[in-house]
Amino acid sequence: MTQESAIVASGIGKRYRVYRSPRQRMLDWLPGESRHPRYREVWALRDVSFELKRGRCLGVIGSNGSGKSTLLKILTGVAQPTTGTVSVKGRVLSLLELGTGFNPELTGRQNVVASASLMGLPPDFAAERMGDIAAFADIGVHFDHPVRTYSSGMFVRLAFATYMHMEPELFIVDEALSVGDLFFQQKCAVAMRNLRARGVTLLFASHDMTAVQELCDEAILLDRGHVAAHGIPTQTITRYLAIQGERQSKAVSAARQPSPASTPTSQDAGAEKAVAEKAAAGETAAEGAGSETGLPALIRRDDLLQGRRGTGVGGCLIPALRLIDRQGNPVGQARCGMELGIQALIRAQGDVEEPNFGIDLVDPQGRSVMSVGSSNRDVWIGPLGAGEERVVTAWLRLAVPPGRYRLSVAVGECRRLDPYHAVFHDLYPEFTELDVLPDDGAAMFDGVADIGIAVETFAMENRCAARVEPT
Ligand SMILES: Nc1ncnc2c1ncn2[C@@H]1O[C@H](COP(=O)(O)OP(=O)(O)OP(=O)(O)O)[C@@H](O)[C@H]1O
């Protein structure tokens with residue numbers, strides 16, 4: 001371990017034994033051999049090695065079950081590694097399971113005092129910081145009520161406020177930024193930034209790619225317990241999203257394998273045949289756009305809804321929906337700055353006067369980047385009669401930072417002459433995740449979205465303007 005290292009992990013492995021039942025676990029304690037193994041082994045981590053220098057911030061990312069929490073537990077001494085060694089230097093504070101150290105019978109205020117004392121801090125330490133902690137937690141009178149009466153949100157607020165004020169040298173946080181409400185999450189992100197500016201070493205596991213990108217100097221990707229990437233956040237996130245994308249495409253192609261149960265209808269089969277003939281004749285999907293024969297079959301073939309049912313009054317349905325690029329190719333993941341088409345097949349069940357196709361894109365922090373309907377852009381899809389179908393494509397430029405976004409779609413009705421008449425016919429809230437990968441060519445910015453900035457400059461002497469247009 002060098003002078004500046006806060007953490008050195010060498011070849012860490014963690015094996016769990018998973019028993020078929022508590023009885024099997026108990027039997028295993030008894031002496032004597034069993035002919036059949038009573039458990040199976042799960043390696044949550046395998047040969048994980050890395051070093052974190054003091055004052056740096058490391059993000060740990062990976063899909064569910066990839067080993068993030070196990071790694072954090074080992075680093076904080078909550079769990080012991082099966083193989084390898086770990087050295088952690090400095091006063092470590094961790095928020096693994098938030099507030100597990102709190103006594104439910106004590107008030108928030110009393111728990112702050114008890115936590116400081118447990119951490120070996122001097123008696124006046126908690127008193128001096130009590131005002132700041134209470135202000136950060138912002139739970140009002142509940143600060144002086146027993147913790148057992150708290151909502152989970154209040155609990156998280158108190159825990160984060162307490163620990164971040166206890167002057168850690170190394171602060172280890174597991175997903176704390178994804179709990180609590182949006183404003184509290186933002187407050188935590190600012191607090192983490194301040195800790196970082198004060199030279200505190202930070203390590204946090206997160207599914208929030210934007211937070212990792214913004215806060216971390218480096219990031220590790222865990223994949224099935226192995227370190228699959230370790231580098232600057234952008235590279236690690238790109239690798240993560242690529243792995244996710246590959247798995248998603250494999251899952252989609254597996255789901256598309258024809259099964260005897262899903263024989264296509266004769267109508268679909270005819271349309272598929274027409275598309276295949278067009279493809280053979282060299283026509284692309286984009287050329288076929290709008291064709292009554294080809295396009296609905298394409299949408300059904302790439303259908304993201306996969307037979308799911310939406311909610312709503314049902315006067316009009318979205319039987320199929322897909323994401324496409326400008327060439328009409330289906331898209332599983334996207335790149336910053338690209339134009340994405342959200343293409344839906346809309347079918348009226350009865351007479352629908354003014355159908356409105358709407359989308360909502362939600363960013364990794366749960367903020368709506370944009371929520372808009374066709375009628376907002378003065379595009380009118382109907383009126384439609386029973387059984388009539390339309391293909392609608394909403395095009396949007398993904399001028400957003402990289403990360404995992406969620407998409408909602410709906411067909412509703414919103415009348416021009418009666419703005420108070422608004423109904424949802426078929427609504428799919430956050431029905432899919434969309435990974436937006438970094439793109440070298442995309443404009444750089446910090447924030448929720450690139451709203452298209454133009455920068456002007458001129459010298460005072462000659463007023464000769466130099467203007468940079470938005471890309
Ligand atoms: N106590 C345990 N006993 C048995 N298996 C465990 C135990 N804890 C974790 N595992 C297994 O180890 C693997 C890694 O789990 P871990 O909780 O570290 O993943 P994670 O990346 O933190 O997941 P998530 O993002 O869902 O929190 C998983 O396969 C999990 O089922």
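Data overview
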item: Residue within segment 121-134 that is in contact with a Lys or Arg (Cβ under 9 Å, 6 or more places away or on another chain) and either within 16 Å of the ligand (Cβ to nearest atom) or not aliphatic (A, V, I, L, M) (or both) present; result: no
item: Close pairs from segment 196-210: first in a helix (DSSP H, G or I), partner polar (S, T, N, Q) and more than 12 Å from the ligand (Cβ to nearest atom), Cβ under 8 Å, at least 6 apart; result: T210/Q365
item: 2 or more residues over 27 Å from Q235 (Cβ atoms) and without any contact (Cβ under 8 Å) to a residue 24 or more places away in the chain: qualifying strands (runs of 3 or more DSSP E) within segment 318-432; result: 368-373
item: From the options R148, R157, residue that is assigned to a helix (DSSP H, G or I), surrounded by 15 or more Cβ atoms within 10 Å (Cβ to Cβ) and either within 16 Å of the ligand (Cβ to nearest atom) or among the charged types (D, E, K, R) (or both); result: R157
item: Any hit, segment 334-349, residues being among the β-branched types (V, I, T) and either farther than 30 Å from G447 by Cα or surrounded by fewer than 20 Cβ atoms within 10 Å (Cβ to Cβ) (or both); result: yes
item: Checking V391 against (1) surrounded by 20 or more Cβ atoms within 10 Å (Cβ to Cβ); (2) modelled with pLDDT of 90 or more, the condition it does not meet; result: (1)
item: Count of residues meeting criterion [without any contact (Cβ under 8 Å) to a residue 12 or more places away in the chain and not in a loop (DSSP other than H, G, I, E, B)] in segment 65-95; result: 0
item: Residue within segment 255-269 that is at pLDDT 60 or above and either away from the ligand (no atom under 16 Å from the Cβ) or in contact with a Gly (Cβ under 9 Å, 6 or more places away or on another chain) (or both) present; result: yes
item: Qualifying residue in segment 77-85 (condition: among the aliphatic types (A, V, I, L, M) and not assigned by TED's automatic domain parsing to the domain that holds G153); result: yes
item: In segment 1-20, residue modelled with the highest pLDDT [restricted to those that are within 14 Å of the ligand (Cβ to nearest atom) and either over 28 Å from V92 (Cβ atoms) or of a type in the set (S, T, N, Q) (or both)]; result: V18
item: Candidates R23, R56, R38, R17 - the one that is under 28 Å from E175 (Cα atoms), free of Cβ contacts under 8 Å to residues at least 40 places away in the same chain and either among the basic types (K, R) or not assigned by TED's automatic domain parsing to the domain that holds H230 (or both); result: R17
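Each row is one residue, and each column tells you yes or no for (1) crowded, with 18+ Cβ neighbours inside 10 Å; (2) within 23 Å of A159 (Cα to Cα).
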{"site": "E41", "(1), (2)": "no, no"}
{"site": "V48", "(1), (2)": "yes, no"}
{"site": "G59", "(1), (2)": "yes, yes"}
{"site": "T76", "(1), (2)": "yes, yes"}
{"site": "L95", "(1), (2)": "yes, yes"}
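So that you can scan it fast, the table gives a plain yes or no per residue for (1) away from the ligand (no atom under 14 Å from the Cβ); (2) farther than 20 Å from L202 by Cβ; (3) not polar (S, T, N, Q):
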residue: V60; (1), (2), (3): no, no, yes
residue: S69; (1), (2), (3): no, no, no
residue: V86; (1), (2), (3): yes, no, yes
residue: V92; (1), (2), (3): yes, no, yes
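The values are calculated or read from the model by the stated rules, or taken from the named source; none is laboratory data. Predicted, not measured: the structure shown is a model, and the values here were computed from it. Note that each Cβ is placed from the backbone with ideal geometry, even for glycine, and that neighbours are counted across all protein chains shown.
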